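Everything on this sheet refers to the single structure shown next.
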Amino acid sequence: METQQLHWTVKHVHNSPVFSLVSIDETLMASGDDDGTVKLWDLRSRPKAVLSQSVSQDYISDLIVDTDRNALLATSGDGTLSVFNFRRPAFKKQSDPNDCGLLCAAIVKGGTKVVCGTGDGSLHVYSWGEWGDISDRVNVEVGSSIDACVTMHGHSVCIGTESGSIQMLQLFPHRHLFDLGCHQQGLAVERLRLSPDKSLVFSSSHDESIHIWKANPFSDKPSMADESEAGSSDSSDADFDQDFSISQNRQQQKRKKFSGKKGLKKAKKLGSSNFFADL
């Protein structure tokens with residue numbers, strides 16, 4: 001970053017396109033491809049992967065890390081959650097297949113739970129270490145798949161949907177907190193990231209823009225989002241997004257996640273109550 005020069009490059013690292021990528025620390029990173037293979041890379045031993053494991057029959061939709069447990073978690077379009085140890089590179093566990101694809105994941109409740117966004121618009125909850133079957137299923141009623149999620153605080157997550165909406169949710173107990181905003185023209189929320197102090201939420205889609213939202217739109221504390229909107233006469237109080245053009249080629253619209261997959265049934269209900277029942 002200091003020299004703004006390309007450090008190194010390796011071609012043909014996967015047999016199919018890379019779909020997910022995560023930086024673990026200064027020397028480790030992981031990648032997942034469209035065919036369900038996860039690779040762990042140590043930049044000190046480039047260009048060879050220190051771990052290569054085919055864990056899924058579908059694409060690796062998301063990769064997240066728990067550095068305290070040396071754990072790398074991978075969700076897949078075939079409905080499985082896979083767990084790796086990245087310090088002693090090894091594949092550890094895999095969940096039972098779900099009836100709908102797992103598209104994203106976040107660690108919540110002090111590291112005791114993992115929530116996964118799904119293709120049917122619900123959140124599947126795993127208890128840490130009990131990877132066989134889900135412990136809870138939360139009906140969010142967003143009307144589309146949940147494509148992205150990030151942990152805000154111990155019991156709250158921010159989710160992004162295929163229809164472009166961004167929402168703040170509380171878990172344990174489950175309730176909807178507020179809508180953060182929506183991408184223009186209903187473009188899907190592909191990724192969500194947080195600023196270091198968690199005061200801002202960054203979202204991206206296929207419009208070559210990054211959108212910035214106040215994590216708490218009801219706070220009076222000034223933020224970058226406020227400064228970006230200063231002087232704009234047509235900005236809306238309900239829409240805090242500010243587009244920043246990115247100098248890169250427009251990404252092709254990725255294939256629709258998990259809709260129409262053969263042999264998959266409609267997600268079964270596990271007896272959990274409606275997400276908004278306590279409102």
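For the range 47-70, name all the residues that are free of Cβ contacts under 8 Å to residues at least 24 places away in the same chain and not in a strand (DSSP E or B).
Residues of the range 47-70 that are free of Cβ contacts under 8 Å to residues at least 24 places away in the same chain, as a first pass: 48, 52, 54, 57, 70.
48, 57, 70 - these are the residues of the range 47-70 that are free of Cβ contacts under 8 Å to residues at least 24 places away in the same chain and not in a strand (DSSP E or B).
Mind listing just one residue for me: the one in the range 1-35 that is of a type in the set (Gly, Ala, Ser) and closer than 15 Å to residue 53 by Cβ and, of those, farthest from the chain's Cα centre (by Cα)? Break it down stepwise before answering.
Applying the first criterion (of a type in the set (Gly, Ala, Ser)) to the range 1-35 yields 16, 20, 23, 30-32.
Going one step further and asking which of them are closer than 15 Å to residue 53 by Cβ, we end up with 16, 20, 30-32.
Numbers: 16: 21, 20: 10, 30: 15, 31: 14, 32: 13 Å.
My answer is 16.
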- Task: Could you tell me which numbered condition residue 57 fails, if it satisfies all but one of (1) open to solvent by less than 80 Å² (accessible area, probe 1.4 Å); (2) touching an Asp or Glu at 6+ places or on another chain (Cβ under 6 Å); (3) modelled with pLDDT under 95?
- Result: (1)
- Report yes if residue 187 is open to solvent by 10 Å² or more (accessible area, probe 1.4 Å) and within 22 Å of residue 206 (Cβ to Cβ), otherwise no. yes
- Message: Can you find a residue that is among the hydrophobic types (A, V, I, L, M, F, W, C) and over 26 Å from residue 148 (Cβ atoms) anywhere in the range 37-46?
- Response: yes
- Item | Search result, residues across the range 76-106 that are farther than 21 Å from residue 53 by Cβ and in a strand (DSSP E or B) | 106
- Query: Name the pairs whose Cβ atoms lie under 7 Å apart, with the first residue in the range 84-96 and under 24 Å from residue 44 (Cα atoms), the second outside any strand (DSSP E or B) and among the β-branched types (Val, Ile, Thr), and 6 or more positions between them or separate chains?
  - Reply: 86/24; 91/55
- Message: Given the options 121, 110, name the one that is in contact with a Ser or Thr (Cβ under 9 Å, 6 or more places away or on another chain), at positive phi and at pLDDT below 95.
- Response: 121
- Item | Residues that are under 13 Å from residue 155 (Cβ atoms), in contact with a Phe, Trp or Tyr (Cβ under 6 Å, 6 or more places away or on another chain) and open to solvent by 10 Å² or more (accessible area, probe 1.4 Å), drawn from the range 112-144 | 112
- Write out, first by first residue and then by second, each pair whose Cβ atoms fall under 7 Å of each other, whose residues are 6+ apart or on separate chains, and whose first residue, in the range 109-134, is over 18 Å from residue 74 (Cβ atoms) while the second is open to solvent by less than 10 Å² (accessible area, probe 1.4 Å) and among the β-branched types (Val, Ile, Thr). 121/140; 121/146; 122/138; 122/140
- Message: I'm trying to understand the selection: among the residues of the range 8-46, which are over 20 Å from residue 80 (Cα atoms) and part of a strand (DSSP E or B)?
- Response: 23, 28, 29, 41, 42
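The values are calculated or read from the model by the stated rules, or taken from the named source; none is laboratory data. Fair warning: this is a prediction, and the values are worked out from it, not measured in the lab. All Cβ positions, even for glycine, are placed from backbone atoms using ideal geometry, and neighbour counts span all protein chains on display. Accessible surface areas use protein heavy atoms only, side chains included; no ligands, DNA or RNA. Shrake-Rupley method; radii C 1.70, N 1.55, O 1.52, S 1.80 Å.
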